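Structure, as structure tokens:
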Amino acid sequence: MGTYILMAGGTGGHLFPAMALAQELNRRGHEVHLATDERVASYGGNFPARKTHIIPAATPSLRNPIKFLSGGVTILGGIFKSFGMLRQVKPDGVVAFGGYPCFPPFLAASLMGVPGLLHKQNAVVGRANRALARFATKFAMQFENTRGVEKFTMEKIVTGNPVRDRVVKAAQIPYPILKKDGPLSLLIFGGSQGARAFSDIVPPAICGLPDEMKKRLQVTQQCRPEDLERVTATYHKGRVNVELAAFIEDLPERMAASHLVIGRAGASTISELGVIGRPSILVPLPGSIDQDQRANASVMEAAGGGWLEHEATLSPLSLGKRLEELFEDVKTLRTAAQNAKSVGRVDAVQRLADATESLTKPSENSSR
């Protein structure tokens, strides 16, 4: 069978879809390797690869000449290390999931004549993928109307964003029964790094809800370690039933058990909400150059599966009012849960695995 190197930046948003593809390629009998950076230790400890290769990489900074030069040296070192890795592994194809750690190995693979596929999870093509596009054989996307792909000339395919096996399993759990006087399950998380703004805004918003509604609430919130103590104190003062953690290992299962989710709008969050089918209040990460999370959230809002809120204008008062309205409107939450499923693709990993296998001819794979 074939041998493939998956390339991803070492954060959950890049590693989780790569992990899903690795699981599927393993099921099909292929050998999988992972090329990434040192952050993989935090998020990819269980990555199903025969070997994980740590490749030097850097984000180039045009504003700082010293950082630009040192970054260039690091990237050059990453390219040379990638040549050695590629000669050792002899892959049939490579797949990159974004982030600057993909640049050295993907470029090296192109220079060695190895076919490569780029996968874009967000609704906007980012800088790393724009830089790598000229070296790609194929370009796969989560969203059909991804902004920026019109400039690319290679073959383009809409596959959706692959989700891990445990997400697919969690998608089989039906939306929790929501009765007028029954329990309300609320999940809050701010992506792989957490979100300081959620620690500032969400707890006082929830504590300001009517007492009868607070008694029904079962809150799970991810917080940065440095925020845990003060967030705990806020919820304790407001007499709210809450579970706090710096990292939520069983996030897909928690998502499935929730009536409503408050989160950032990263690509993996959007795809998992879509596959599982849960309504959400989405607060995009502000300040990003490409505004990719805002574009992602807009896709979910347009589908009727969630509500887009801007961090700059979000306050405990406005969020509390939104929560109170939603928790009193059972029909709206149920409808949004159903609408969210139109954004997710349960078969995305099969589609992407097919595209990966098509990088090389069957005869080439079978001869290995």
Ranked highest first by the average count of other Cβ atoms within 10 Å around their residues, in what order do 92-100, 179-187 fall?
92-100, 179-187
Mind listing the long-range amide H neighbours of Ile173? Cut-off is under 5 Å, sequence gap 5 or more, other chains count too, H placed in the peptide plane at 1.01 Å from N.
none
Taking 0.36 nm per residue of separation and subtracting the Cα-Cα distance, what length does fully extending Ala233 through Arg130 add?
32.6 nm
Once each part is reduced to its C-alpha centroid, what is the distance from region 204-281 to region 54-133 in angstrom?
36 Å
Two-site FRET efficiency, Met112 against Arg50, from Cβ-Cβ distance with R₀ of 22 Å, rounded to 0.05:
0.65
For the chain, how big is Rg over Rh, using alpha carbon atoms and the Kirkwood form of Rh?
1.00
1/(1 + (r/R0)^6) with r = Cβ-Cβ of Lys180 and Met154, R0 = 51 Å, i.e. FRET efficiency to nearest 0.05, evaluates to 0.45
Whose amide H sits under 5 Å from the amide H of Ala35, counting only residues 5 or more places off or on another chain, with H placed in the peptide plane?
Leu6, Met7, Ala8, His53
At 7 Å along Cα-to-Cβ for each site, give me the label-to-label distance between Ser288 and Gln88 in nm.
3.3 nm
Excluding the sites themselves, what is the longest stretch of the chain that contains no GluC sites (Glu not before Pro) in a DSSP loop with at most 12 other C-beta atoms within 10 Å?
39-143
To the nearest 0.05, the calculated FRET efficiency linking Asp250 and Thr313 through their beta-carbon distance, R0 being 35 Å, is 0.60
Would you mind classifying region 168-340 by shape? Square roots of the alpha carbon gyration tensor eigenvalues, ordered a ≥ b ≥ c; an a/c under 1.5 is rounded, otherwise it is prolate if a/b is larger than b/c and oblate if not.
rounded
Computed about the Cα centre, the charge dipole of region 59-162 from +1 Lys/Arg and -1 Asp/Glu charges at the Cβ has a magnitude in debye, to the nearest 20, of 300 debye
Express the relative contact order of region 233-368 as a whole percentage, based on alpha carbon pairs under 8 Å and six or more residues apart in sequence.
25 percent
How much mean residue ellipticity at 222 nm does the chain get from its helices, if each DSSP H run of length 4 or more adds -39500 (n - 2.57) and you divide by all residues, to the nearest 500 deg cm²/dmol?
-13000 deg cm²/dmol
Could you work out how far apart the two model spin labels at Asn145 and Ser70 are, taking each label as a point 7 Å from the Cα in the direction of the beta carbon, and quote it in nm?
4.3 nm
Computed ³J(HN,Hα) along region 102-111: with the Karplus parameters 6.51/-1.76/1.60, θ = phi - 60°, integer Hz and x for glycine or proline, the list is 6, 4, x, x, 5, 5, 4, 4, 4, 5
State the number of lysine pairs found in region 168-340 whose Cα atoms come within less than 22 Å, restricting to pairs 8 or more positions apart or on distinct chains.
16
Which residues qualify? For Lys120, with a placed amide H closer than 5 Å and at least 5 residues away or on another chain, they are Ala140, Met141, Gln142
Which parts of region 253-281 would a label at Val330 reach, counting a residue when its backbone N lies under 18 Å from a point 7 Å out along Cα-to-Cβ?
258-260, 279
Excluding residues fewer than 8 positions from Lys138 in its own chain, the lysines with Cα under 29 Å of it are Lys51, Lys81, Lys90, Lys120, Lys151, Lys156, Lys341, Lys361
So for Cys207, Cys223, Cys102, fewest C-beta neighbours within 10 Å to most, what's the order?
Cys207, Cys223, Cys102
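FYI, it's all coordinate maths here, none of it is from the lab. All figures in this text were calculated on a predicted structure; none of them were measured in a lab. We place every Cβ from the backbone using ideal geometry, glycine too, and count neighbours over all the protein chains shown.
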